[in-house]
Amino acid sequence: MKKLLGAITVGLFIISSSVMAQAPMAGERKYPDGYITGKVTSEDGPEAGVWVIAETKETNTPYIKIVVTDDDGNYVLPQLPEATYNVWVRGYGLADSESVEGRPGDRDLDLTAVVASTPAEAAEVYPADYWVSLMEFPGDDVLTAEGEARQGFAPAINSQKRMMHEFKSDCGFCHQIGNQITRSLGHMDALGFDSSEEAWIYRTQTGVRGGSMFGNFAQFGLPGMSSMMADWTDRIEAGALPPAPPRPQGIERNIVVTLRDIGGDTDFMHDEITTDKNNPTVNAYGPTYAVSSGHGLLSIVDPITNDAYDVVIPTREDPREVNSRFPPPGQPSNFWGYEHLWGPENPSDPHNAMLGPDGRVWITSKVRNNQPDFCDRDSGNKFSEYYPRSFSNRQASVYDPATGEFELIDTCFATHHLQFGTDPDDTLYFNELLGPVFGWVNTRVFDLTHDEEAAQGWCPQIIDTNGDGVITRPWNAWGEEVDPNLDTEIQANMYTVIPDPNDTNVVWGANENSALHPYGSIIRLDKGNNPPETCVSEVYAIPDPGFDPRGMDVDSEGNPWVALAGSSHWAYFDRSACPVLNGPGTEMGTHCEAGWTLYETPGPKIGNTDVPADFHYFGWVDQHDITGLGKDTPIINGSWSDSLIALDPESGELTEVTSEPRP
């Protein structure tokens, strides 16, 4: 899919590249000052809280600007490059209007909104989560039954909570469930399936990710899951409609969205970055960087000139010899057939990018196939001797915009997401999606020596369960019976990592689920002054009714906020509220429920459940008050609602900013 790289402005403050301060690029750089104003009315009068969208292909990259009307239907489209725009209206209760041509400088470009002729026409633009709310999940009575009473669901899916966790985690991992293509089967009519159940089983096997997708689908039990999903799409085809969403109100209307349509039809861009999280003046007015995972590219767009271009992320070995995680399709895609879209040409598989304090772009990317020798226990490397690593499917690279050159960094640990600490060494931390260690690269050491072995380190997750304040060998190995006189290893794969901005030895991670913590946990690592020997971990299980932690950030005091993707909560953790931090049983993570506060996010709930229908992939804490909503405002994304949701922790009030509803 193409990637719409965007900046969102709330009020007068920008969440984007180029927040403020001095531009690092030569010459004066500033945003255009052209704007269009007007009023939106329909047969019912002024239309408040509807989206006005301006689109053009006359800029170097296709360009879109979106705003929301005020109480009287007025709108302002600011900072428009010189071009002719097609301007139109979308809103709840409306059908999309015809577009009107406009140019910067037009002061009274009034628009006529079209009231939807039927509820079905109005519902075409409802967010995906509203359509997900029409699903009907089996209850505990079914999932705890035996034999035919289970209705075809697998025995491992033994509660509605378990099923909701796996559904949101594994299906929302890649898809916006509920959008037009996922809530319908019409595009498959030509294949002549005898039933919707057959169509669902087939569609989950198609394309380059078909094997993974089908495995996730089949875990629920093919008869039960295909029946549930077929029931959903059949009812929608028969005319079932979700409830109508509310229009944006108050500050939710103070939004300006800028989108640049870069890439091609088959680009899979996973993440983008515009500035240094710890110093959001870095790269002011500079490019936005996105990683195109499937094609192994760093995709770059200049927000001033709107130029877009790609840079191939190299591998150390011949790319023709480097394994790709994207296999050829087992079943033909409904749109691309057997074409092997991703991986073969540039297998670097970039996942996440971060800007460092000097504006260089650091990326989790694949460098090679085989582990280097220094990862072995007998290599003489102190980290390998302490906890050897035998597998790393992705490593790291750094791109220097000033020279246009990459430097590759081999790591013993696998990489997934990455975040800079605030220490003088500009330590860069990594989580292992498929492994249980915290990894890091001391970027100061690397820049001085270019010695990747000397610059990196890692620590396992060992809990101080004997309560003596240190970790000593031997410890209770993962999966073994726990001896209370020993410390205890846990192995929690982590989805994200975030350093404490105050204690530079502390870093947090979030685990979606593990054998000890089936609904997820957060892990705290204190490296101490001589890692790995001084590393001590703590674990805190997600309490009911929460489940499925994903994205994580900390406030300026170092307190974690974690997005509970499955249960649709913003979860806050205050470690100072814990009665104990270590000792027997703390490997279970249930010793500090007092530290948790969960805030349920808005939107409809799924059918016959108490779980909101949205999915929250990631979250951030605005430590620098860039949005103007207040220092340390936590902001969670709504992947299935096309929104950002800001929380006022004092009042518990949530502000949902929707960029524009998309069918």
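Key figures for this structure:
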{"quantity": "Tally of residues being in contact with a helix residue (DSSP H, G or I) (Cβ under 6 Å, 6 or more places away or on another chain), open to solvent by less than 40 Å² (accessible area, probe 1.4 Å) and farther than 26 Å from Trp508 by Cβ across segment 364-410", "calculated": "1"}
{"quantity": "Unmet criterion (only one of (1) part of a loop (DSSP other than H, G, I, E, B); (2) open to solvent by less than 10 Å² (accessible area, probe 1.4 Å); (3) not hydrophobic (A, V, I, L, M, F, W, C)) for Gly509", "calculated": "(1)"}
{"quantity": "Long-range neighbours under 6 Å by Cβ, at least six apart or interchain, first residue without any contact (Cβ under 8 Å) to a residue 12 or more places away in the chain within segment 138-154, second in a loop (DSSP other than H, G, I, E, B)", "calculated": "Val142/Gln151"}
{"quantity": "Yes/no for Val361 being under 19 Å from Leu428 (Cβ atoms), crowded, with 21+ Cβ neighbours inside 10 Å, over 21 Å from the mean Cα position of the chain (by Cα) and modelled with pLDDT of 95 or more", "calculated": "no"}
{"quantity": "So Leu5, is it of a type outside the set (Val, Ile, Thr), modelled with pLDDT of 95 or more and buried (at least 21 other Cβ atoms within 10 Å of the Cβ)", "calculated": "no"}
{"quantity": "Residue match in segment 584-600 (condition: within 17 Å of Thr633 (Cβ to Cβ) and open to solvent by less than 40 Å² (accessible area, probe 1.4 Å))", "calculated": "no"}
{"quantity": "Scan of segment 411-435 for residues that are open to solvent by 10 Å² or more (accessible area, probe 1.4 Å) and over 19 Å from the mean Cα position of the chain (by Cα), ordered by number", "calculated": "Thr422, Asp423, Pro424, Asp425, Asp426"}
{"quantity": "Filter result for Ala571 (over 28 Å from Trp232 (Cβ atoms) and not charged (D, E, K, R))", "calculated": "yes"}
{"quantity": "Residues satisfying the stated conditions in segment 537-588, i.e. outside any strand (DSSP E or B), within 29 Å of Asp483 (Cα to Cα) and of a type in the set (Gly, Ala, Ser)", "calculated": "Ser576, Ala577, Gly583, Gly585"}
{"quantity": "Elements of type helices (runs of 4 or more DSSP H) in segment 77-157, at least 2 residues being closer than 24 Å to Gly603 by Cβ and modelled with pLDDT of 95 or more", "calculated": "119-123, 128-132"}
{"quantity": "Qualifying residue in segment 454-476 (condition: more than 30 Å from Ala515 (Cβ to Cβ), open to solvent by 10 Å² or more (accessible area, probe 1.4 Å) and modelled with pLDDT of 95 or more)", "calculated": "yes"}
{"quantity": "Any hit, segment 152-172, residues being surrounded by fewer than 20 Cβ atoms within 10 Å (Cβ to Cβ) and of a type in the set (Val, Ile, Thr)", "calculated": "no"}
{"quantity": "Checking Glu55 against (1) within 30 Å of Pro612 (Cβ to Cβ); (2) in contact (Cβ under 8 Å) with a residue 24 or more places away in the chain; (3) open to solvent by 60 Å² or more (accessible area, probe 1.4 Å), the condition it does not meet", "calculated": "(1)"}
{"quantity": "Filter result (touching a residue at least 60 places away in the same chain (Cβ under 8 Å) and within 19 Å of Trp336 (Cβ to Cβ)) within segment 177-190", "calculated": "Asn179, Gln180, His187, Met188"}
{"quantity": "Val554 being out of contact with any Leu (no Cβ under 9 Å at 6 or more places or on another chain) and under 18 Å from His616 (Cβ atoms)", "calculated": "yes"}
{"quantity": "Test: residue in segment 524-533 that is crowded, with 19+ Cβ neighbours inside 10 Å, modelled with pLDDT of 95 or more, touching a His at 6+ places or on another chain (Cβ under 7 Å) and more than 18 Å from Tyr386 (Cβ to Cβ)", "calculated": "no"}
{"quantity": "Residue list for segment 222-264, filter: of a type in the set (A, V, I, L, M, F, W, C), out of contact with any strand residue (DSSP E or B) (no Cβ under 8 Å at 6 or more places or on another chain) and open to solvent by less than 20 Å² (accessible area, probe 1.4 Å)", "calculated": "Met225, Met228, Met229, Ala230, Trp232"}
{"quantity": "Near pairs, Cβ below 7 angstrom, 6+ apart or cross-chain, from segment 230-253 (under 22 Å from Gly152 (Cβ atoms) and in contact (Cβ under 8 Å) with a residue 12 or more places away in the chain) to any residue that is among the basic types (Lys, Arg) and part of a loop (DSSP other than H, G, I, E, B)", "calculated": "Thr233/Arg183; Ile236/Arg183"}
{"quantity": "Contacts under 6 angstrom Cβ, first residue in segment 553-564 being under 11 Å from Thr597 (Cβ atoms), partner at pLDDT 95 or above and of a type in the set (Asp, Glu), 6 or more apart", "calculated": "Asn559/Asp574; Trp561/Asp553"}
{"quantity": "Hits in segment 636-656 (condition: open to solvent by less than 20 Å² (accessible area, probe 1.4 Å), under 27 Å from Thr182 (Cα atoms) and part of a strand (DSSP E or B))", "calculated": "Ile636, Gly638, Ser643, Ile645"}
{"quantity": "Count of segment 433-475 residues which are farther than 16 Å from Ser384 by Cα and in contact (Cβ under 8 Å) with a residue 40 or more places away in the chain", "calculated": "12"}
{"quantity": "Criterion: at pLDDT 95 or above, of a type in the set (Asp, Glu) and within 16 Å of Ala492 (Cβ to Cβ) - qualifying residue of Asp555, Asp574, Asp548", "calculated": "Asp548"}
{"quantity": "Selected residue (only one of Ala48, Ala54 is among the aliphatic types (A, V, I, L, M), more than 26 Å from the chain's Cα centre (by Cα), at pLDDT 50 or above and part of a strand (DSSP E or B))", "calculated": "Ala54"}
{"quantity": "Complete set of residues in segment 601-627 that are open to solvent by 40 Å² or more (accessible area, probe 1.4 Å) and closer than 28 Å to Thr275 by Cα", "calculated": "Trp620, His624, Asp625"}
{"quantity": "Residue list for segment 337-367, filter: part of a loop (DSSP other than H, G, I, E, B) and under 22 Å from Pro436 (Cβ atoms)", "calculated": "Asp349, His351, Asn352, Lys366, Val367"}
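So that you can scan it fast, the table gives a plain yes or no per residue for (1) touching a Ser or Thr at 6+ places or on another chain (Cβ under 9 Å); (2) under 30 Å from Ser324 (Cβ atoms); (3) basic (Lys, Arg):
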position	(1), (2), (3)
Ala244	no, no, no
Arg260	yes, yes, yes
Glu272	yes, yes, no
Pro287	yes, yes, no
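The values are calculated or read from the model by the stated rules, or taken from the named source; none is laboratory data. Values in this document were obtained by computation on a predicted structure and should not be read as measured data. In this analysis, Cβ positions are derived from the backbone assuming ideal geometry, glycine residues included, and neighbour counts consider all displayed protein chains. Heavy atoms of the whole protein, side chains included, go into the accessibility calculation; ligands, DNA and RNA do not. Shrake-Rupley method; radii C 1.70, N 1.55, O 1.52, S 1.80 Å.
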